[in-house]
Amino acid sequence: MSRVYDEIIDFIARSTGPRDITSFQPSKETNDRVYELIRKEKDSSLTPAEKQELDDYMRLEHLMRMVKARARLHLAHE
């Protein structure tokens, strides 16, 4: 992972508050939309715009997993 990526993850984990970060969950609407996009991807019926939306979500999901992991580390050191 790059230093820039680590810096952004640390910033989010510290600025928002580790407890808030670790408890964050996407809304039901977001989850429903992602499941719909994944289903469409499996059916090969995803439009280019939907593919971009799914790709964006997957990148953000990965970032949030990393931020949550880092926030848990900050909480462990409190």
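Residue-wise HN-Hα couplings along segment 62-78, as the Karplus relation 6.51 cos²θ - 1.76 cosθ + 1.60 with θ = phi - 60° gives them from phi, are 4, 4, 5, 4, 5, 5, 4, 4, 5, 5, 4, 5, 4, 5, 5, 9, 7 Hz; Gly and Pro carry x.
Here the contact order of the chain, divided by its residue count and restricted to Cα pairs under 8 Å and six or more residues apart, works out to 56 percent. What residue among Lys28, Lys68, Lys51 has the largest mean-square fluctuation in a Gaussian network model of the chain, using Cα springs under 10 Å? Among Lys28, Lys68, Lys51, the largest mean-square fluctuation in the Gaussian network model of the chain belongs to Lys28.
Here, each number is a calculation from the coordinates, and none is a lab measurement. Keep in mind the model is a prediction, meaning the values are calculated, not measured.
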